[in-house]
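Undergrad: The structure is given below, and queries will be raised subsequently.
The values are calculated or read from the model by the stated rules, or taken from the named source; none is laboratory data. Predicted model, so just to flag it, every value in this text is computed and none were measured. Don't worry about glycine lacking a Cβ; one is built from the backbone with ideal geometry, like all the others, and counts go over all protein chains shown.
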Amino acid sequence: MTAPNAQELLAVIASRQLRDDTTVFAGVGVPLLAAALARQRHAPRLTMVIEGGIIGPEIAPGRLPISTNEMRAGRRATMLPAITEAFLFAQRGFVDVGFMGGAQIDQYGNVNTSVVGADYWKPKVRLPGTGGANDIASLCREVIIVTAHEKRRFVPRVDFVTSPAWLGGGGARAAAGLLFGGVSRVVTTLGILDFDPASRRMRIEATHPGVSVETIRENTGFALDTAPIVETTAPPSADELAMLRALDPERRFLG
Amino acid sequence: MKASEYDFVAARRRIEAKAKSAGEKLTSLEDTAARVKDGDTIAVGGCLFSRTPMALVREVLRARRRGLTLARNLTCHEGELMMVAGAAERIVTAWMSIGLPWGVSKILREYVEGGKVALEEWSHLALGLRFKAGAMGVPFLPALTMLGSDLVGVGGMKTIEDPYTGATLAAVPALFPDVALLHVHRADRFGNCQIDGYPHMDADIARAATTVLVTAEEIIPEEEIRRHPDRTVIPGFVVDAIVHVPFGSFPHECYALYEADYEHFGEYTSAIDAKGSGAVREYLDRYVHGPASWMDYLDLFGGERLARQQRAARDLVS
């Protein structure tokens, strides 16, 4: 078994965050692969919800969807609700975990997928936008962000808060009316980050094997504290990698 | 957002003033385009490259409408065509590009960064609730989404205090479009519509809009509708025009009937990579203004390609 690449590492570590007998709102790409892997391996009673209006799909190996609302995404689903209804399951509290990626993320876990630059109406770079990311970040019981760990992505303050996590930290999220959820973890190619319970600032919770706390700090655009105990993650096992690779034989999302 | 988008009193008056006939609605694509006016807000059904009313979008482009607002939850290459053709000056959406494998849309970047088109971004659920509020005839719906984010300021969404608990809620404003463009699996000649697979937001969009234009893969006898009335999602009295258009979403997908043509998207985006928006102008000449009819348009893809996409769809739902 060859060593995992960055996408494989992300998918495996992310899949371990999911528990059996829960529900997960998953976007396409690595989050969907991670959810599918968890369901196959350790969480057979995990239900996926996909924003195009899909509940309980069984993703076919080699037929991975490109978008959240095409036929491939809904294969063998148990329900195809209207899109608005799919999100309302999350608003009602039925979705335990929201899995999302992020173009730009700040020290309080807020994510920007809208615009780079100070003026929304005259952006330096126009990105595709929120899609359902804002809703997932607002409504799921817990949100896990899955992203490559690069200094340019981890900025002190995002140019634009597309998807709110802890906003300005402390009690800012609840004060804005976001009474539930929030980002609990950021799974990256270097380790796992969580948030200080009081300040809601990001901190290092675990490092991947062979990665030091210093390396994570060097690749982050803001100061990072550590959790009281910094764990080392277990490397992806042979059976995790084999199952994951079987899901994406075309290497559409695993690179 | 414009005040006219959530003016529920005016929107209600428009529906009251309309003929709500159970009679004949069957007409031609050319006739549907005549019901879209410059400056209208048009809501487009489906989602991204699923069940997009492509034949209707093409007809609006052929009629060279101007100053339109395009409202769609996730916007795909139909939005790029409307930008480059100069048809849309404003897009109300949650996301725009073709799809993940093709990266961030270069047309989106050119037209929005250059200030040629305004893109008003709402969260996916918020846009769904805007159509839902419109469908319900109310000026807004309370919700727990979009709060605290910078999206609030983009469209000018307001918050309200819950009169019962005092909590802060999003007051998601209604969106009453002038025109809805929808594509469905089957309908009768009176406009009773049935959809298979993903419902998307079409039923709400139909109720929210003033004028509802629908294409259907198949026109079926009224008796068949009456045999399965539980499958009807849009009643005839909501619909103004119905047109029989097989492959009416192509190259986008129509659930269980044909899969989206990813190869076509690849060719389209490769041409843009090479020539920028000039490639889209060439595309408009070739696919929109060139073929006189929808059948001529489909001929550009060829029967073998259409059959291949049908087989792929059957395989996915079997």
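Undergrad: Among the residues of the range B:89-122, write down those that are in a strand (DSSP E or B) and either at the interface with chain A (Cβ under 9 Å from one of its Cβ atoms) or under 13 Å from the mean Cα position of the chain (by Cα) (or both).
TA: The initial filter retains those residues of the range B:89-122 that are in a strand (DSSP E or B), namely B:89-93, B:95-96, B:118-121.
Of everything in the range B:89-122, those that are in a strand (DSSP E or B) and either at the interface with chain A (Cβ under 9 Å from one of its Cβ atoms) or under 13 Å from the mean Cα position of the chain (by Cα) (or both) turn out to be B:I91, B:V92, B:T93, B:W95, B:M96, B:A118, B:L119, B:E121.
Undergrad: If you don't mind, there's one more thing I want to ask. Among the strands (runs of 3 or more DSSP E) confined wholly to the range B:193-260, which include 2 or more residues that are buried (at least 24 other Cβ atoms within 10 Å of the Cβ), more than 14 Å from chain A (Cβ to nearest Cβ) and under 15 Å from the mean Cα position of the chain (by Cα)? I'd like the intermediate steps shown before the answer.
TA: Numbers: elements: B:211-219, B:232-234, B:241-244.
Ranges flagged: B:211-219.
Undergrad: Can you name every residue in the range B:157-191 that is within 12 Å of another protein chain (Cβ to nearest Cβ) and either modelled with pLDDT under 95 or assigned to a loop (DSSP other than H, G, I, E, B) (or both)?
TA: Across the range B:157-191, the qualifying residues are B:M157, B:D162, B:T165, B:G166, B:A167.
Undergrad: Restricting attention to helices (runs of 4 or more DSSP H) lying wholly within the range A:1-107, give those where 3 or more residues are at pLDDT below 95. Steps first, please.
TA: On the way: elements: A:6-16, A:30-41, A:83-92.
Counting at least 3 such residues, we get A:30-41.
Undergrad: Which ones in the range A:56-74 are buried (at least 19 other Cβ atoms within 10 Å of the Cβ) and in contact (Cβ under 8 Å) with a residue 12 or more places away in the chain?
TA: Within the range A:56-74, A:P57, A:I59, A:L64, A:P65, A:I66, A:S67, A:T68, A:N69, A:E70, A:R72, A:A73, A:G74 qualify.
Undergrad: Looking at B:R62 and the list (1) surrounded by fewer than 23 Cβ atoms within 10 Å (Cβ to Cβ); (2) under 15 Å from A:V28 (Cβ atoms); (3) touching a residue at least 60 places away in the same chain (Cβ under 8 Å), which single condition is not satisfied?
TA: (2)
Undergrad: Another one. For the range B:291-308, does any single residue satisfy the condition of being closer than 22 Å to B:S97 by Cβ, surrounded by 11 or more Cβ atoms within 10 Å (Cβ to Cβ) and either in contact with a strand residue (DSSP E or B) (Cβ under 6 Å, 6 or more places away or on another chain) or in contact (Cβ under 8 Å) with a residue 60 or more places away in the chain (or both)? Before the answer, list the steps.
TA: Quick first cut of the range B:291-308, residues closer than 22 Å to B:S97 by Cβ only: none.
Within the range B:291-308, not a single residue is closer than 22 Å to B:S97 by Cβ, surrounded by 11 or more Cβ atoms within 10 Å (Cβ to Cβ) and either in contact with a strand residue (DSSP E or B) (Cβ under 6 Å, 6 or more places away or on another chain) or in contact (Cβ under 8 Å) with a residue 60 or more places away in the chain (or both).
Undergrad: Taking into account only those residues within the range A:63-86 that are within 19 Å of the chain's Cα centre (by Cα) and among the small types (G, A, S), which is farthest from B:H124 (Cα to Cα)? Outline the logic, then answer.
TA: Looking only at the range A:63-86, we keep the residues that are within 19 Å of the chain's Cα centre (by Cα), and these are A:64-69, A:73, A:86.
Of the ones still in play, those that are also among the small types (G, A, S) are A:67, A:73, A:86.
Numbers: A:S67: 14, A:A73: 18, A:A86: 11 Å.
The qualifying residue farthest from B:H124 (Cα to Cα) is A:A73.
Undergrad: For the range A:171-189, how many residues meet the condition of being away from chain B (no Cβ under 13 Å) and surrounded by fewer than 23 Cβ atoms within 10 Å (Cβ to Cβ)?
TA: So the answer is 3.
Undergrad: Still on this structure, please answer the following. Could you tell me which residue of the range A:128-154 is farthest from the other protein chains (Cβ to nearest Cβ), considering only residues that are assigned to a loop (DSSP other than H, G, I, E, B) and within 27 Å of B:L144 (Cα to Cα)? Quick ask: steps written out before the conclusion?
TA: Taking the range A:128-154 and keeping what is assigned to a loop (DSSP other than H, G, I, E, B), we get A:128-132, A:140-141, A:148-153.
Checking the rest, the ones that are also within 27 Å of B:L144 (Cα to Cα) come to A:128-132, A:140-141.
Numbers: A:P128: 4, A:G129: 4, A:T130: 5, A:G131: 4, A:G132: 4, A:C140: 11, A:R141: 13 Å.
Per the stated criteria, the residue is A:R141.
Undergrad: Could you grab me the full set of residues in the range A:106-142 that are touching a residue at least 24 places away in the same chain (Cβ under 8 Å), more than 23 Å from A:F87 (Cα to Cα) and surrounded by 20 or more Cβ atoms within 10 Å (Cβ to Cβ)?
TA: Keep residues of the range A:106-142 that are touching a residue at least 24 places away in the same chain (Cβ under 8 Å), which gives A:106-118, A:120, A:127, A:129-142.
The next check asks that each one be more than 23 Å from A:F87 (Cα to Cα); those that pass are A:106-108, A:115-118, A:120.
Scanning the range A:106-142 gives A:D106, A:Q107, A:Y108, A:V115.
Undergrad: Taking A:R19 as meeting all but one of (1) within 11 Å of chain B (Cβ to nearest Cβ); (2) surrounded by fewer than 22 Cβ atoms within 10 Å (Cβ to Cβ); (3) on the phi < 0 side of the Ramachandran plot, write down the number of the exception.
TA: (1)
Undergrad: Could you grab me the full set of residues in the range A:165-180 that are free of Cβ contacts under 8 Å to residues at least 60 places away in the same chain and part of a loop (DSSP other than H, G, I, E, B)?
TA: A:A165, A:W166, A:L167, A:G170, A:G171, A:A176, A:G177, A:L178, A:L179
Undergrad: With respect to B:Y164, is the statement that it is over 25 Å from A:I136 (Cα atoms), without any contact (Cβ under 8 Å) to a residue 12 or more places away in the chain and not aliphatic (A, V, I, L, M) true? Quick ask: steps written out before the conclusion?
TA: Values: over 25 Å from A:I136 (Cα atoms): yes; without any contact (Cβ under 8 Å) to a residue 12 or more places away in the chain: yes; not aliphatic (A, V, I, L, M): yes.
Considered against the rule, which asks whether it is over 25 Å from A:I136 (Cα atoms), without any contact (Cβ under 8 Å) to a residue 12 or more places away in the chain and not aliphatic (A, V, I, L, M), B:Y164 comes out as yes.
Undergrad: Do you know which residues across the range B:301-318 are more than 14 Å from chain A (Cβ to nearest Cβ) and under 23 Å from the mean Cα position of the chain (by Cα)? Please lay out each step first, then the result.
TA: Looking only at the range B:301-318, we keep the residues that are more than 14 Å from chain A (Cβ to nearest Cβ), and these are B:301-308.
Within the range B:301-318, B:F301, B:L306 qualify.
Undergrad: With a cut-off of at least 2 residues that are within 27 Å of B:G276 (Cβ to Cβ), name the helices (runs of 4 or more DSSP H) lying wholly within the range B:1-86.
TA: Numbers: elements: B:8-17, B:29-33, B:54-62, B:77-84.
Helices (runs of 4 or more DSSP H) meeting the threshold: B:54-62, B:77-84.
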